[in-house]
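Novice: One structure, as structure tokens, below. Some questions next.
The values are calculated or read from the model by the stated rules, or taken from the named source; none is laboratory data. Predicted model, so just to flag it, every value in this text is computed and none were measured. Don't worry about glycine lacking a Cβ; one is built from the backbone with ideal geometry, like all the others, and counts go over all protein chains shown. Quick note on the areas: whole protein, heavy atoms, side chains included, nothing else; ligands and nucleic acids left out. Shrake-Rupley method; radii C 1.70, N 1.55, O 1.52, S 1.80 Å.
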Amino acid sequence: MKFICKQSVLNEAVNNVSRAVPVKSPVTALEGIKMYLNKNELELTGYDLELGIRTVIEVQSEDHGEFTVNAKLFSEIVRKMPSENVVVEIDEKLKATIRGGDAEYNILALSADDYPAIPDYDTSDCVSVSQGLLKNMISQTIFAVSVSDNKPILTGELFDIENGIFNLVAIDGFRLAVRTEKLNTEDRYHFVVKSKALSEVSKLLKDDDEKPVNMYVSRKHIAFGISGYTVISRLLEGEFHNYKGSIPQNHNTEIVLNTKDLIASLERCSLLIVEQTKAPVKCSFGDGQVKISCSTSLGKLSDVFNIDMNGNKVDIGFNCKYLLDALKASESDKVKLLLNGGLSPMKIVPVDGDAFTFLVLPVRLKSE
């Protein structure tokens, strides 16, 4: 079989589906990309038994057939081809010839018979959201996904859709992130998607509020339809944390501050905090100011800037990175901090609206 394709089109498709290909696998076929040729359409699939990415591109051909080719080698060959078009030929013995300009490679392909079937999904149950919106929701929450396997369910994000409200939720035991948007559906969905899958989905999403992403939900899998690509992921099983019950509804201190001011101060603190010298950052809110201080074996820092504040004075400590992650994810010039003393979580919300809610647990400060 033989096909001709634009180098740029083939290169983009190979790079994108390769994100679902494992670098090493006990199943040799999984280290490859499965290609199914049907005349002028070439379907490319990458799959690691948990995550699959598939797309179809246009080619010039009158042939039918399928084969598997090593993803890493093939992607490098295509990327370095010197011509606008790439010609691929596979003979009966699965010898592949790849030509572009004066360059010609001869490599071995594999039979597609050994490639596991990617899961089917039901297209009847679909919910749509704009690509730009979902990309933003993922970027504002994925920082709070757990990297520990102690509670596997928390290594993913909860899609909680009910009564036209879409909450995307991540929790790692030290912080919580909720991104909220209205959605034009009255159906209820409650499922957890692995963070790895969401990371790959995010890379395919465009910053475009006009283009939709279609989510097809079944009992064990979800499929995302994104501009000619399909990303299929196994859903995580188990009971997700009751996040609504964890969010404080009352506060006795309210602070509005310039986000960049606090980020800059925390980044100055981070210069003194390395793996061996972990120490909390102390935030003292009062009298229209916040005083930031940090002391480690490397040195000390004190900093201060003005804030708008109502309520009780508070001294509270935080893990510097955890607080920084939440502030950066806010993507806001100003944020509102809601506090209930020095031992309760800090709630970070927008100055206006309810697009996001972040919680960061405090670190107990040593008595001075």
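Novice: Can you pull out the residues in the stretch 270-320 that are at pLDDT below 95 and of a type in the set (K, R)?
Specialist: If the condition is that a residue be at pLDDT below 95 and of a type in the set (K, R), then K278, K300 are the ones that fit.
Novice: So which of Y121, Y105, Y115 ends up being of a type in the set (F, W, Y) and open to solvent by 70 Å² or more (accessible area, probe 1.4 Å)?
Specialist: Unique residue meeting the criteria: Y105.
Novice: Sticking with this structure for a sec: Just for the stretch 184-234: of the residues that are among the polar types (S, T, N, Q) and farther than 21 Å from S18 by Cβ, which one is least open to solvent (accessible area, probe 1.4 Å)?
Specialist: It comes out as T185.
Novice: Then there's this: In the list V9, V14, which residue meets the criterion of being within 16 Å of S75 (Cα to Cα), in contact with a Ser or Thr (Cβ under 8 Å, 6 or more places away or on another chain) and touching a residue at least 12 places away in the same chain (Cβ under 8 Å)?
Specialist: Details: V9 fails: in contact with a Ser or Thr (Cβ under 8 Å, 6 or more places away or on another chain).
Exactly one of V9, V14 is within 16 Å of S75 (Cα to Cα), in contact with a Ser or Thr (Cβ under 8 Å, 6 or more places away or on another chain) and touching a residue at least 12 places away in the same chain (Cβ under 8 Å), namely V14.
Novice: Let me ask another. Output the residue which, of all residues in the stretch 5-32 that are in a strand (DSSP E or B) and not basic (K, R), is farthest from E89 (Cα to Cα). Even if it seems obvious, please write down each step before you answer.
Specialist: Step one: filter the stretch 5-32 for residues in a strand (DSSP E or B), giving 5-6, 32.
Retained after the next criterion (residues that are not basic (K, R)): 5, 32.
Details: C5: 12, G32: 17 Å.
Looking at the filtered set, the residue picked out is G32.
Novice: Is it the case that the stretch 132-150 has a residue that's assigned to a strand (DSSP E or B) and touching a strand residue (DSSP E or B) at 6+ places or on another chain (Cβ under 8 Å)?
Specialist: No, the stretch 132-150 has no match at all.
Novice: In the stretch 244-286, which residue that is of a type in the set (K, R) and assigned to a helix (DSSP H, G or I) is farthest from the chain's Cα centre (by Cα)? Write out each step before concluding.
Specialist: Start the filter on the stretch 244-286 by keeping residues that are of a type in the set (K, R), which leaves 244, 260, 268, 278, 282.
Next, from what is left, pick out any that are assigned to a helix (DSSP H, G or I): 244, 260, 268.
Details: K244: 22, K260: 24, R268: 27 Å.
Among residues in the stretch 244-286 that are of a type in the set (K, R) and assigned to a helix (DSSP H, G or I), the one farthest from the chain's Cα centre (by Cα) is R268.
Novice: Any idea which residue in the stretch 319-364 is farthest from M137 (Cα to Cα), counting only those that are open to solvent by 60 Å² or more (accessible area, probe 1.4 Å) and assigned to a loop (DSSP other than H, G, I, E, B)?
Specialist: It comes out as R364.
Novice: Follow-up question, since we're still on this one. Collect the residues in the stretch 279-293 that are touching a Ser or Thr at 6+ places or on another chain (Cβ under 8 Å) and free of Cβ contacts under 8 Å to residues at least 40 places away in the same chain, keeping them in residue-number order.
Specialist: Answer for the stretch 279-293, where residues must be touching a Ser or Thr at 6+ places or on another chain (Cβ under 8 Å) and free of Cβ contacts under 8 Å to residues at least 40 places away in the same chain: A279, S284, V290, K291, I292, S293.
Novice: For the stretch 234-259, which residues satisfy the criterion of being under 26 Å from F285 (Cβ atoms) and touching a helix residue (DSSP H, G or I) at 6+ places or on another chain (Cβ under 9 Å)?
Specialist: T259
Novice: Ok, one more. Name every residue in the stretch 33-55 that is open to solvent by 70 Å² or more (accessible area, probe 1.4 Å) and part of a strand (DSSP E or B), in order of residue number. First the steps, then the outcome.
Specialist: Taking the stretch 33-55 as the starting set, the residues that turn out to be open to solvent by 70 Å² or more (accessible area, probe 1.4 Å) are 36, 39-41, 49-50.
The answer is Y36, E41.
Novice: Here's another thing I want to ask about it. Scan the stretch 66-98 residue by residue and report those that are small (G, A, S) and loosely packed, with under 15 Cβ neighbours inside 10 Å.
Specialist: If the condition is that a residue be small (G, A, S) and loosely packed, with under 15 Cβ neighbours inside 10 Å, then S83 is the only one that fits.
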